[in-house]
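Below is one structure, written out as structure tokens, with a few remarks after it.
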Amino acid sequence: MLSESINSLTATVRIDGREVSVVGVPTRIDMRQSDKENAAIKEAERLIKKGLV
């Protein structure tokens, strides 16, 4: 699930069976959809690595 505002997105990402919600992932208006999805996945992976989820 991907929801966008002007310069950021909110997404729920499933990684290794975990659902991780990320909020405020920065985006640019000219980014492709796949780049936005990858940005959300990278943010979710970063949160997992830091032990925040």
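The values are calculated or read from the model by the stated rules, or taken from the named source; none is laboratory data. What you are looking at is a predicted structure, and each value in this text was computed from that prediction instead of being measured. We place every Cβ from the backbone using ideal geometry, glycine too, and count neighbours over all the protein chains shown. For accessibility, only protein heavy atoms count, side chains too; no ligands or nucleic acids. Shrake-Rupley method; radii C 1.70, N 1.55, O 1.52, S 1.80 Å.
Below are the figures for this structure:
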| item | result |
| --- | --- |
| Qualifying positions in the chain - among the hydrophobic types (A, V, I, L, M, F, W, C) and out of contact with any Leu (no Cβ under 8 Å at 6 or more places or on another chain) | M1, I6, V13, I15, V23, I29, M31, I41, A44, L47, I48, L52 |
| Close pairs from segment 24-53: first surrounded by 10 or more Cβ atoms within 10 Å (Cβ to Cβ), partner of a type in the set (G, A, S) and in a helix (DSSP H, G or I), Cβ under 6 Å, at least 6 apart | V25/A39; V25/A40 |
| Breaking point among (1) open to solvent by less than 40 Å² (accessible area, probe 1.4 Å); (2) at pLDDT below 90, for V13 | (2) |
